[in-house]
Each structure stands twice: as structure tokens, then as C-alpha cells.
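Working notes, structure below.
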Amino acid sequence: MSAFIAIDADPVVTAEDPSAGSIAGDGFWPAVDLDRVRAIGRIPTMVTIDQLREATIGAVIAVTRQLIAWRQSHLDAGRATLAAIDPTLIAGTLRLEHLYLRAVTATVAADLLDTRQEIGATRDGRDRADVEEVPSPDWRRMAIHAIRDIAGKPRTRARLL
């Protein structure tokens, strides 16, 4: 007796733990929920929790590095929390927290798309990846805009020559 067993060449990989946890904040910047990053960044479960955590830590470092001077100027002025800088709430969360989390999530998504081709494409898309542009520049643009919004800077610079 023989049997035919079909094996999916591109199986769906599920996360080992559906609740990935978070990257703790430092009292000034909020904690980053990894489940939220995965959902908003549309990051599939083929990216393991450890990979997502590592990418998120890298994104937190990159975003906070760009805001070091901005943060220090507020600390020097006696504003030790984001709420002390801008108490505006949007959907129950501080406006600056939304922007920070947006910048981190967009940076994670862009970094993963840049390094893992299979994340941003369907099977057909992976086969013709040299033809299709991955959307990581769009994620990078969103991160830059969020960082500039936090810092109170215009999103674009133009100079007349």
C-alpha cells in the first residue's frame, strides 16, 4: 500500500509564543509592545520572536539616537517625561508616544524588509523580486516623518538656489 502525502513548499510558520512581550522604556520613552509592532508593521510570524525583539531593539536605538539632543534640551528645561513636554492625548495615549511608537515600528518594518526578501512579497513576488520594488522606503519615510514631528521640525527642507 502506498500513499501520496502533499507537503506545502511554503508552510506557514507560527510564532513559538503568541505573546511576544515588550521592550521596556526608560521612563522617558515608553515601552514598545512587540505584538503591536508585528501587527502594525504587518510582520509575518515567519519572523521569530527573537528576530523581532532584536530588530525592535535596533529600531529603539536608532530612533532614540536621532532624538538625543531634543530629549536633552527638555531634560535640561526640567521636563522629564513626554507628558511634561506635550500633554496632548490622542485615543487615550500621549501624542508624542504615538509618534515614537510609529517611528520605531516603521524602522523595524523597513529594516526587516531590507534584510528579508520573503517578508514583503508573495510567492509570485519573490520569484520576480528584481522587478518589484519593496516598500521599505515608504516605512523609512514614515519613521523620518514621525521623528521630525516629535522634534517639531518640518518634514521637508527646501532651499532656493
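The values are calculated or read from the model by the stated rules, or taken from the named source; none is laboratory data. None of these values were measured; they are calculated from a predicted model. Glycine gets a Cβ as well: all are built from the backbone with ideal geometry, and neighbour counts include every protein chain shown.
When 59, 84 are checked against the criterion of being part of a helix (DSSP H, G or I) and farther than 18 Å from residue 136 by Cβ, 84 stands alone in meeting it. Every condition in (1) part of a helix (DSSP H, G or I); (2) at pLDDT below 95; (3) more than 17 Å from residue 32 (Cβ to Cβ) holds for residue 73 except the one numbered (2).
Taking segment 144-161, which residues are at pLDDT 90 or above and either over 17 Å from residue 71 (Cβ atoms) or in contact with a Pro (Cβ under 8 Å, 6 or more places away or on another chain) (or both)? First the steps, then the outcome.
Residues of segment 144-161 at pLDDT 90 or above: 144-153.
Listed by number, the residues that qualify are 144, 145, 148.
Scanning segment 3-25 for residues that are at pLDDT 50 or above and over 15 Å from residue 59 (Cα atoms) returns 3, 19, 20, 21.
Considering only residues in segment 103-126 that are acidic (Asp, Glu) and modelled with pLDDT under 85, the one that is nearest to residue 64 (Cα to Cα) turns out to be 118. Applying a threshold of 9 Å to beta carbon distances and a minimum spacing of six or more residues, or different chains, the list of pairs starting in segment 45-71 at a residue that is free of Cβ contacts under 8 Å to residues at least 12 places away in the same chain and ending at one that is of a type in the set (Gly, Ala, Ser) and surrounded by 14 or more Cβ atoms within 10 Å (Cβ to Cβ) reads 69/151.
When the residues of segment 31-56 are filtered to those that are within 16 Å of residue 143 (Cβ to Cβ) and not in a helix (DSSP H, G or I), which remaining residue is nearest to the chain's Cα centre (by Cα)?
To start, the set of residues in segment 31-56 that are within 16 Å of residue 143 (Cβ to Cβ) comprises 32, 36-37, 40-43, 55-56.
Still in the running and not in a helix (DSSP H, G or I): 32, 41-43.
Numbers: 32: 9, 41: 6, 42: 10, 43: 10 Å.
My answer is 41.
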